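Reviewing the structure listed below.
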């Protein structure tokens, strides 16, 4: 089933993708492909976060989330589209410029002191892990697991709307029980392969947890925007209560603090150890305008949303919580760009400026990939009930006290 909104979103995705592709004529293949990875990484975080929240809610038998869960189930319909969005980067690595995004894919890519990747001792130690065939196979495996889990969860939930059999609830909980470690391991490996390996000399044991924090916060914030949109058009009237917003606002606050904890720990441990193979990653992000981006992340990604979300009134006021959600999505975009774009360096080894034409291609990439993801959500939305009407906890959810 299709809808006019889905068609419009699809055209937005096509337009954003086309504009990004035209950027090759201005900035070159590598700059545009790396910017495309920013857009892909942003929307992949939204989908992975939605999947993770679904399985967490099932395992903890969360009653307040039942009515809200359905919108997340529609959101994870985007995984096949996201797999398609990554495909051009992989194909280009095989049939085009091998190091179009990931330098280690080209043995002749210059590293430092006249050396190349093939003669770099650090790459030799990681070659068994960092090679194009395994990268491809692992990426296929990530999406196979995410799509498989999404299919099982969506099928059980949607089928329960029809027959009301409680067995579907048990099946969803069983799927969620092994889904949590499966998603946790795959999102960690995906973050390492897709983003961290851009600068493969770097070491960090906390990188996967950093990406999880963005996944969770992004999914929750996007969920707030979706639910308030449904409320304003009349679908969620009588369903969305103040305590629902308070509960999901608490999660937004929790993962804001979690992001700060992980980011601070990673920085502190690397600064304290003072090992060159680790410190260089932060050194290049304190160069030029990247220093101001770093400060923006400290205040915009943590301090401001943290202070706002401490307020009960802000969490339950529609206009305010929506603005906070938009702020969080903005800083997640900047955070992902902060992790990806400095991999592009000038001839002196310094990262290219953040405020440049490359930022335009990152924005058009977010629009392009986002158009396809939104289209997937809107196509799924009318295919089933607005809320899981036969879930055993639905009455408790709808009677959640104000």
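The values are calculated or read from the model by the stated rules, or taken from the named source; none is laboratory data. Owing to the predicted nature of the structure, the values given are computational and were not obtained by experimental measurement. Please note: Cβ atoms are built from the backbone with ideal geometry, for glycine as well, and neighbour counts cover all protein chains shown.
Taking (1) surrounded by 20 or more Cβ atoms within 10 Å (Cβ to Cβ); (2) in contact with a strand residue (DSSP E or B) (Cβ under 8 Å, 6 or more places away or on another chain) in turn, residue 110 satisfies each apart from (1).
Reported count of residues in the stretch 304-333, each being more than 18 Å from the chain's Cα centre (by Cα), in a helix (DSSP H, G or I), touching a residue at least 12 places away in the same chain (Cβ under 8 Å) and within 15 Å of residue 246 (Cβ to Cβ), is 10. Do you know which residues across the stretch 179-192 are crowded, with 18+ Cβ neighbours inside 10 Å and more than 24 Å from residue 60 (Cβ to Cβ)? Hits for the stretch 179-192 are 190, 191, 192.
Tallying residues that are farther than 25 Å from residue 178 by Cα and free of Cβ contacts under 8 Å to residues at least 60 places away in the same chain within the stretch 130-148 yields 3.
The condition (being under 18 Å from residue 302 (Cβ atoms), under 21 Å from the mean Cα position of the chain (by Cα) and part of a helix (DSSP H, G or I)) is satisfied by just one residue among 220, 225, 192, 180: 220. Is one or more of the residues making up the stretch 263-286 more than 23 Å from the chain's Cα centre (by Cα), surrounded by fewer than 19 Cβ atoms within 10 Å (Cβ to Cβ), closer than 22 Å to residue 330 by Cα and at pLDDT below 95? The answer is yes, given that some residue of the stretch 263-286 is more than 23 Å from the chain's Cα centre (by Cα), surrounded by fewer than 19 Cβ atoms within 10 Å (Cβ to Cβ), closer than 22 Å to residue 330 by Cα and at pLDDT below 95.
Every condition in (1) more than 30 Å from residue 238 (Cβ to Cβ); (2) crowded, with 21+ Cβ neighbours inside 10 Å holds for residue 353 except the one numbered (2).
Pairs meeting the criteria (first residue in the stretch 355-373 and under 20 Å from residue 290 (Cα atoms), second residue modelled with pLDDT of 95 or more and assigned to a loop (DSSP other than H, G, I, E, B), beta carbons under 8 Å, at least 6 apart or on different chains) are 357/23; 360/23; 361/23.
Take residue 96 and decide whether it is at pLDDT below 95, exposed (fewer than 15 other Cβ atoms within 10 Å of the Cβ) and touching a helix residue (DSSP H, G or I) at 6+ places or on another chain (Cβ under 8 Å). Yes; evaluated as a whole, the condition is true for this residue.
Within the stretch 38-83, the set of residues being assigned to a helix (DSSP H, G or I) and more than 24 Å from residue 208 (Cβ to Cβ) comprises 66, 67, 68, 69, 70, 71, 73, 74, 77.
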